[in-house]
Structure formats: structure tokens, C-alpha cells
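K.L.:
Before I ask anything, let me first share the structure, which is written out below as C-alpha cells.
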Amino acid sequence: MTEYQANEQGLAGLKLMAKIREFERRMPLLSEEGLIRGSTHPSLGMEAIAVGVSLALTDKDAIASTHRGHAHTLAKGADFGRTMAEILGRKDGYCGGKGGSMHIGVKELGVLGTNGIVGAGIGIATGAALASKQLGDGSVAVSYFGDGASNQGVLAEAFNLAAIWKLPVIFVLENNHYAQSASIDDMVAQPDLTKRGEAYGVPSFSGDGMNLEEVYGLATAAVERARAGEGPTLLVLETYRYLGHMAGDTEIYRTKEEVEAAKSNDPIETLLARLIEAGVITAEEWETTSKELFEEVEAAEQFARNSPYPDVSEAFTDVYAKGASA
Amino acid sequence: MSAGKDMVTWRALNAAMHQIMEDHPESFTLGEDITTWGTGGGTYGVTRGLLKKFGRERVMDTPISEEVLLSAVSAAASRGTRPILEIMYSDFSFLGFDGIINQAAKNRYMFGGQFDVPVTIRSNGGSGIGKAAQHSQSLETLFAHIPGLEVVVPGTPGDAYGLLRTAAASDNPTIFLEHKNQYYDRGPVGTEAIPFGQARIAREGKHATVVATQQILSYSLQAAEELAAEGIEVEVIDPRTLYPFDMDAVYASVGKTRHLVVGHEAVRDYGWGAEFVAQTVEAAWDKLDAAPVRVGGSRAPIPYAQVLEEAVIPSKDDIVAAVKRTLA
Ligand SMILES: Cc1ncc(C[n+]2csc(CCOP(=O)(O)OP(=O)(O)O)c2C)c(N)n1
């Protein structure tokens, strides 16, 4: 397993996680202010998965994300300002305000979209891997999906297809133990979700999704397998979401104590402690760095707020390809 | 919560659900997050209190598995139960179209009339609250196109109550589409079931007939109000069910007004409004003084930003303009 180094590399991961957390922390506030329409799903607590996996990827590689996809998108390299602008429905958003939180795509970074349909990304990443094989471009594709999505039928078909065709796809199951209000304990009878991959001939591993080093190690190994033509891998990563399913969630399905307990294994705190211990950074230096990160996210938010709403005529563009018969 | 007074739509639906579960011991209800989410009764409260009253055997939270659920409830219906499945947003029903369209809708027919399929699929459609392209579609036309399905589109709390009771009692697979921007509309609610295939005259008038459903129905009533100030009396008709549908009500109205406008949120092109116009033209050409006008959603997915969303959905002003166009 490729160990993530408790050095400069670790510091870069730490910063990215912290910056994403600051970005996501703002979502409920922006929602309350009425700046976010519909629903938005922050992923505080789950940063190590998005960052750990992305660090094993290049711009050429593709990801297919979920309704809870800001972190996946940002970790893949998306600009914080433009991502925020999309969430606020602005002109400078990656999709010109047409997509919003649940439909952010960034072609040049291989972000095939956050997605409003639970489980859809599983099929999409499988297709990206199929394209990689057809084109021989050596890229790999990652599908992020939740424990809830693992109960969608597409999973069975995708596992089988990816396995028989040895597609370069990595299925990343983020087990945060809840699907909206449904507890995983009530929704699956076999809690070892790696068995689902194994049943289809997809090598499957579980790991601590709150630990950046562990995620990175598992992801790197899976990417190597994929690039070597050995086919798909399933990673089942244990994690937890600190906030409700979406802004406004009453959270009647879980206790405050449970949430607090989960926070004691925080991915950012854990890595920071390790880096301090290894002498890579001091607590004082991290305080300065944190402030800088805060400023960067603040600037991104201001950029988004200052971006104008799209022109009404944009409502009717891009329905069909330019120059096509329609 | 009993029916029989002024209520908001979600309460009316909730009252209907309680009544249905009592009336039909063979009924049960299921769906994603219907007992411990938000209000304790799904996204909009429709299933609130059911678990407490009827227990886990009859009120079931499901995994996120639309494909198997749509097919399984259909089969369960053909074996003698009366399931009511909630699909959180109608957009997600696409995952299970085989179950609804190839199986449930055709079951009676293919097997020579042996099977009843008394399943109700409850869901919501429509735009207006920024849910964007994958949570805002108006799919009623799509369902209405399929032989074997009944399609219900209640536009008021009273209709929501009365029509849901009929849906649950129906021996056909019924698609019951609530409108997500109308759950908090308030209005009178009766205590009786409302039969399918009987349109409702929502407002009487003599100069033009507007046939519209749900959100566009309420815009049409506002448009009628505005036009009345100019001396134009619009008759507004709510078909309430798109299959079966009540053309006689339309012919009767057009016989009075001699002008027809059809409005819906579903995409205008190939939309159900075209069906109403075509049937009127074919059967009641002599009752029309001018070409009918269609108003509907643009041929575009529903965008996220509010300015864009409003641009692709018909407004009150679009209805006013359509009435004036047919009267011009
Ligand atoms: C096909 C489909 N069904 C249902 C929903 C509604 N929904 C949105 S998120 C969600 C829960 C998803 O849970 P999980 O996959 O575990 O991801 P998490 O939210 O935990 O990140 C549900 C039921 C949806 N968006 N799409």
C-alpha cells in the first residue's frame, strides 16, 4: 500500500480538507439567507474521502459524483469561487447557474457532474471507464456513492459489466450510515458491503474513511490496478456526516450524542495531530494557515455573491448541440 | 386529522391516507424515508402519523431501490394487496419504468383480464422551488400516454383528498401526481371520494375556456381575475384526471365560449394539451370561432437559477396573452 507521507504532501491534503470544510460550513448559512434554492447537501466530516481519492488521480481521470458532491468536485481541482457561484445560481458558475448544487459538471477536470439521482453516478463512471478503454487514453474513473445508493439496482449491473470487461473504474462507497433518515442498520441485512463487490468478481476493500492516509493508500492501489488493465475495485469507506442530510433537516432520526461521538474521530484533527507530531507544522503555524484558508474561501464566496444572475435568454440555450438539426 | 374543513394540501392528503388505510385492510404504504424524515411523515408530511396508527407491517420505510419497488408493488397488487408507494419525486420513477409501464400497465391486458393491479404510485412533479432539472419535471403527459394507467393531477386540497381515495380504491394502476409547490395551498376539503374522469369548473365564464391543471390552474384563475377587470369572462376547467379524461366538459364549455386555451407545466410540445386541442378540433370544430392556443413548459430541462426557471414555465401573463390571442 502506498503510504501517504506525513510531510509536505500530508500538509497539502490537510489544507484542502480544511478549505473544503470551510466552504461546506457556509452552505446552511447561505441557505438560511435564501441564496440557495432547492436543496443542498454539505459533507462536513467526510472530507478525507474526497481528498484522499482525488490525490491519487490526475486531471485526465474522471469522477462521477452524487447529490453530496461539492467536496468531490473541489478536491478534483474545481475553483472554489466558480463552484460557489454555481450553487448560488450565478452566471460565473461552472454551468452558468443552470445546474445548481446538485448538477455541477467541470469538463476540463473530468468532473462528470454532481447528480440528483441517487446511484446514477455508478453507471456514469462505468461508462467513463468504458470510454477510457475504447480510446486507450489510460484514464481511470471514480464513482462516489453512498450506503443508500448501494441498494440501487444499477450497482449489480455496473459491478458485473466492469468486472467482465475489466474496466478501469473505482467504486468508492461512502458509508456514512444514513440515507437521508434511513439507517444502514435497517436497510441492509449484510453489513459487510465488500461482499457485494466480491460476489461479482470486483476486488473489494474496506477502510477508515476518516483517515486521509488510509484512503489515499487504498485509492492509489486501486488506481494502479485500473491503469494496469486489471479492472475495477470497490472501496467501502466508513465515515459520518456531521450535519443533517440537507439544509433544514430536523434530524429526528439520530441523537446529538451520536453526532458528537463521531466528531471525536475527525479527519482534519487527526491528521493535524500527526503532522504536528512529525514536526511538519506547529500549532501556531496551522493557526495562521487556517486564517489564510478562511480568507480564500471568503474571497470565493464574495466572488460568487458578486457574480450576476444569468441572462434570461440562457434558459433556452444548450438544449441541443450547436448546428444540429434542431 | 379528519377531512371536512379548510386544510392545506399535505394535510388533506394525510387525512386521505388515514382514511384509506382504515377503509382497505389489504392496503399498505411504503416508500423512502416516509416515517422518520422531516415531519416524521416523508418530505412533505403526507404519511405523518400512519406508522403510529397502523404499525410497521403496513407502513414501511424502504431502501433506495425504485426499480424493484415499482415492479414489486405492482406484483403485490396483482396478488390481492392494495399498495400505495410513495416515490419521493416523480423524476425517480424513471428508474422503475419497466415495473410501471411494461408490467403493471399491461398485466390485465396481456393475461386476458385475469389480474387486477390495484396499485397507487404517489409522487410529486412540477417546478417552482429551485429543485432544478432532476427534481422538477412534469411527467403527467408521459404517464397519460401509456394504455392501462390512470393519471391523476389534483389541483386543490379538496381534489387531493377526494381523488386519492378514489385512486386507492381503483383496481387499475394509478399514477397520482401531487404538485410540490402546492403542498401548502389551503382550501376546503370534503369527506367523500371524487370520481375519476369528471372535470371541475373552477370558474364560470362566457368568452373563452381555459383548461389547466395544478400550478397553471392557479395561474389561470389569477389570469381570469385580471381579464375580468377588462370585461373578458374566462371559464376555467380543471380536468383533474388526465386518464380517464372528460372531453364532454370541454365541449360543453367551448359551446358557450367558442374559444379554447390549454395550459400545463409539462413541456408544451407533444404535451397533453395537444390531445385536448386535437379532440376538440376533431369533435367540436363547429363550436370554435378561432384556433385554440396551447401554453406549456418550454422545450428545455428545468434550470436552477430562479430567473431561468421562471422563463421556462408558463406564467399568469402567458395565460392572459393566450386568451387575448385566441380572442383577437
Ligand atoms: C433515484 C433517487 N431516489 C431517491 C432520491 C432522494 N434522495 C436524495 S439523497 C437520498 C439519500 C442518499 O443516501 P446515500 O446514498 O447513503 O448518500 P448520503 O446522502 O448518505 O451521502 C435520497 C433518498 C434521489 N435523489 N434519487
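The values are calculated or read from the model by the stated rules, or taken from the named source; none is laboratory data. Because the structure is a prediction, the values reported are computed rather than measured. When we count neighbours, we look across all protein chains shown, and the Cβ atoms used for this are built from the backbone with ideal geometry, even at glycine. Only protein heavy atoms, including side chains, enter the accessible area calculation; ligands, DNA and RNA are left aside. Shrake-Rupley method; radii C 1.70, N 1.55, O 1.52, S 1.80 Å.
K.L.:
Grab the Cα-Cα distance for residue A:165 and residue A:29, subtract it from 0.36 nm times how many residues apart they are, and report the gain in nm with one decimal.
P.N.:
Additional length available on full extension: 44.4 nm.
K.L.:
Using the Cβ atoms and a cut-off under 12 Å, what net charge is assigned to the surroundings of residue B:168, where Lys and Arg are +1 and Asp and Glu are -1?
P.N.:
It works out to a net charge of -2.
K.L.:
Can you pull a Stokes-Einstein diffusion coefficient for the protein assembly as shown at 20 °C (1.002 mPa s), Rh from Kirkwood over Cα pairs, as a whole number of µm²/s?
P.N.:
On the way: Rh = 26.3 Å.
This corresponds to a translational diffusion coefficient of 81 µm²/s.
K.L.:
What is the calculated FRET efficiency for residue A:277 to residue A:254, with r their C-beta to C-beta distance and R₀ = 45 Å, to the nearest 0.05?
P.N.:
Result of the calculation: an efficiency of 0.85.
K.L.:
Mean residue ellipticity at 222 nm from the helices of chain B, using -39,500 (n - 2.57) per DSSP H segment of n ≥ 4 over the full residue count, to the nearest 500 deg cm²/dmol?
P.N.:
Value at 222 nm, helices only, nearest 500: -10500 deg cm²/dmol.
K.L.:
Would you give the gap between the C-alpha center of region A:85-126 and the C-alpha center of region A:142-168, rounded to a whole Å?
P.N.:
20
K.L.:
Ok, one more. As a quick test, which of the pairs B:256/B:324; B:5/B:180; A:15/A:91; A:60/A:133; A:19/A:91; A:166/A:195 have an alpha carbon distance above 25 angstrom in this structure?
P.N.:
A:15/A:91
K.L.:
Follow-up question, since we're still on this one. Below 8 Å, C-alpha to C-alpha, sequence gap of six or more: please give me the relative contact order for region B:158-267 in percent.
P.N.:
Answer for region B:158-267 is 31 percent.
K.L.:
Still on this model: At 7 Å along Cα-to-Cβ for each site, give me the label-to-label distance between residue B:317 and residue B:106 in nm.
P.N.:
4.7
K.L.:
Residues of region B:141-173 with the amide nitrogen closer than 19 Å to a label point 7 Å from the Cα of residue B:198, along Cα-to-Cβ, please.
P.N.:
In region B:141-173, the label zone of residue B:198 (backbone N under 19 Å from the point 7 Å along Cα→Cβ) covers B:150-172.
K.L.:
So what is the relative contact order of region B:208-296, in percent, for Cα pairs below 8 Å that sit 6 or more residues apart? Don't jump to the answer; show the numbers that get you there.
P.N.:
Numbers: 136 pairs, mean separation 30.2, N = 89.
About 34 percent, as a whole number.
K.L.:
Continuing with this model, one more query. Which order do B:175, B:194 take by accessible area at a 1.4 Å probe, largest first?
P.N.:
Output order, biggest surface exposure first: B:194, B:175.
K.L.:
Between residue A:312 and residue A:189, take the C-beta separation as r, use R0 = 35 Å, and let me know the FRET efficiency to the nearest 0.05.
P.N.:
With a Förster radius of 35 Å, E is 0.10.
K.L.:
Per residue, what accessible area does region A:1-146 have, given a 1.4 Å probe and all protein chains present, in Å²?
P.N.:
31
K.L.:
Another one. Where does chain B land on Rg(C-alpha)/(2.2 N^0.38 Å)? Working shown, then result.
P.N.:
Numbers: Rg = 19.4 Å, N = 328, 2.2 N^0.38 = 19.9 Å.
Cα-based Rg divided by the globular estimate yields 0.98.
K.L.:
Take residue B:282 and residue A:261, extend 7 Å from each Cα along the Cα→Cβ direction, and tell me the distance between the two endpoints in nm.
P.N.:
Going from the residue B:282 label point to the residue A:261 one covers 6.5 nm.
K.L.:
Partner chain Cβ atoms within 10 Å, averaged over the residues of B:129-139 - can you pull that number for me?
P.N.:
Mean partner-chain Cβ count within 10 Å for B:129-139: 5.
K.L.:
For region A:39-52, just list the computed ³J(HN,Hα) in residue order, Karplus coefficients 6.51, -1.76 and 1.60, θ = phi - 60°, integers in Hz, with x standing in for Gly and Pro.
P.N.:
Listing the rounded values in order: 10, 9, 10, x, 10, 4, x, 9, 5, 5, 6, 4, 6, x Hz.
K.L.:
Let me cross-check residue B:203: its accessible surface, 1.4 Å probe, with only protein heavy atoms counted, in Å² to the nearest 10?
P.N.:
About 60 Å², ignoring ligands and nucleic acids.
K.L.:
At 7 Å along Cα-to-Cβ for each site, give me the label-to-label distance between residue A:157 and residue A:59 in nm.
P.N.:
That separation, rounded to one decimal, is 3.4 nm.
K.L.:
In peptide B:279-285, how many Cβ atoms from other protein chains are near each Cβ within 10 Å, on average?
P.N.:
0
K.L.:
Sticking with this one: I'd like the mean, over residues of B:52-64, of how many other protein chain beta carbons sit within 10 Å of each residue's own Cβ.
P.N.:
3
K.L.:
Nearest 10 degrees, 0 to 90: what angle lies between the long axis of helix B:66-78 and the longest principal axis of chain B (Cα atoms)?
P.N.:
So the inclination is approximately 80 degrees.
K.L.:
OK, next. Compute the separation of the alpha-carbon centres of region A:290-314 and region A:207-248 and state it in Å as a whole number.
P.N.:
29
K.L.:
Out of region A:251-326, which chymotrypsin sites (Phe, Trp or Tyr not before Pro) are coil in DSSP terms and have no more than 14 other C-beta atoms within 10 Å?
P.N.:
A:320
K.L.:
Okay, moving on. Name the long-range amide H neighbours of residue A:113: under 5 Å, sequence gap of 5 or more, or other chain; modelled H, no Pro or chain starts.
P.N.:
When sequence neighbours closer than 5 places are left aside, the close amide H contacts are A:65, A:106.
K.L.:
Grab the beta carbon distance between residue B:328 and residue A:12, set R0 = 51 Å, and tell me the FRET efficiency rounded to 0.05.
P.N.:
So, using R0 = 51 Å, E works out to roughly 0.15.
K.L.:
Hey, how many Å between the Cα centroid of region B:261-328 and the Cα centroid of region B:201-251?
P.N.:
Taking the Cα centre of region B:201-251 as reference, the centre of region B:261-328 is 12 Å away.
K.L.:
Using a 1.4 Å probe over the heavy atoms of the protein chains, calculate the carbon and sulfur portion of the accessible area of chain B as a whole percent. Walk me through the intermediate numbers first.
P.N.:
Working: 6360 of 12320 Å².
Its accessible area is 52 percent carbon and sulfur atoms.
K.L.:
Counting only protein chains, not ligands or nucleic acids, how are A:186, B:61 ordered by accessible area (probe 1.4 Å), most first?
P.N.:
The ordering from most to least exposed comes out as A:186, B:61.
K.L.:
What do you get for the angle between helix B:9-23 and the principal long axis of chain B? Use alpha-carbon atoms, 0 to 90 degrees, nearest ten.
P.N.:
Long axis of B:9-23 versus the principal axis of chain B: about 50 degrees.
K.L.:
Could I ask something else about it? Under the definition of Cα pairs under 8 Å and six or more residues apart, what whole-number percent is the relative contact order of region A:6-306? Don't skip to the answer; put the middle values down first.
P.N.:
Working: 598 pairs, mean separation 70.6, N = 301.
Value for region A:6-306: 23 percent.
K.L.:
At 20 °C and a viscosity of 1.002 mPa s, what translational diffusion coefficient does Stokes-Einstein give for region A:6-306, taking Rh as the Kirkwood radius over Cα pairs? Give it in µm²/s as a whole number.
P.N.:
Value of D from the Cα-based Kirkwood radius: 111 µm²/s.
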